[in-house]
1. What number goes with the only condition from (1) of a type outside the set (A, V, I, L, M); (2) touching a helix residue (DSSP H, G or I) at 6+ places or on another chain (Cβ under 6 Å); (3) surrounded by fewer than 16 Cβ atoms within 10 Å (Cβ to Cβ); (4) at pLDDT 90 or above that Asn36 does not pass?
2. If you take the residues of segment 39-56 that are of a type in the set (Val, Ile, Thr) and touching a residue at least 12 places away in the same chain (Cβ under 8 Å), which of them is nearest to Glu74 (Cα to Cα)?
3. Quick check on segment 66-74. Is at least one of its residues within 17 Å of Ser118 (Cα to Cα) and loosely packed, with under 14 Cβ neighbours inside 10 Å?
4. Which residues, counting only those in segment 44-84, are in contact with a His (Cβ under 7 Å, 6 or more places away or on another chain), of a type outside the set (Gly, Ala, Ser) and outside any strand (DSSP E or B)?
Amino acid sequence: MILWQGVKILSTLISPQLLDQWTYLAMDRESLKKSNKSKLTQTQKTKIKNVVGKCEYPGCNHPPHEVHHIKWLEEGGTDTYSNLVVLCGSHHNDAHGKNPQGNMIPKAKLKSIVTKRSKAKSDNIKAILKNVGIRGGGSREDNRDPWDIDFRF
């Protein structure tokens, strides 16, 4: 007998491959519990992309695609001004090393982009980020729980 997720299972009834899959799923579920999720709403991300207007990578004029965390959330990164940079899809892939060469944009280069922002952009982004993690986060005028709304006419 083996013990899996607190349940005793006869190992003779389960193939080793299935047991490996269950173990993988259990480990994956644990890692999901520990992962740090961004508190930015889609509205806040869109507002930040609109303020910046284009990919912030030097020399790139492509439209913004992603608000990228310089220090990834899985590494303990946060939704703070100094940790966010707006990138096009191509440079976002490069920031994650998802290109044919596997090269990544150095985090120091991304941080230098943030420090070179204009004061107007900086102030606007900081104003958007002021409500991060707060219920509603500025994305709605009312902060009512949608389950409390009476839809009867």
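The values are calculated or read from the model by the stated rules, or taken from the named source; none is laboratory data. Because the structure is predicted, anything quoted here is derived from the model rather than measured. No Cβ is skipped: glycine too gets one built from the backbone with ideal geometry, and neighbour counts run over all protein chains shown.
1. Unmet for Asn36, out of (1) of a type outside the set (A, V, I, L, M); (2) touching a helix residue (DSSP H, G or I) at 6+ places or on another chain (Cβ under 6 Å); (3) surrounded by fewer than 16 Cβ atoms within 10 Å (Cβ to Cβ); (4) at pLDDT 90 or above: (4).
2. The selected residue is Thr41.
3. Within segment 66-74, none of the residues are within 17 Å of Ser118 (Cα to Cα) and loosely packed, with under 14 Cβ neighbours inside 10 Å.
4. Within segment 44-84, Lys54, Cys55, Tyr57, Cys60, His65, Asn83 meet the criteria.
Condition check ((1) over 17 Å from the mean Cα position of the chain (by Cα); (2) under 20 Å from Pro63 (Cβ atoms); (3) not in a helix (DSSP H, G or I)) across all residues:
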| residue | (1), (2), (3) |
| --- | --- |
| Val86 | no, yes, yes |
| His91 | no, yes, no |
| Lys98 | no, yes, yes |
| Met104 | yes, no, yes |
| Lys109 | yes, no, no |
| Lys121 | yes, yes, no |
| Ala127 | yes, no, no |
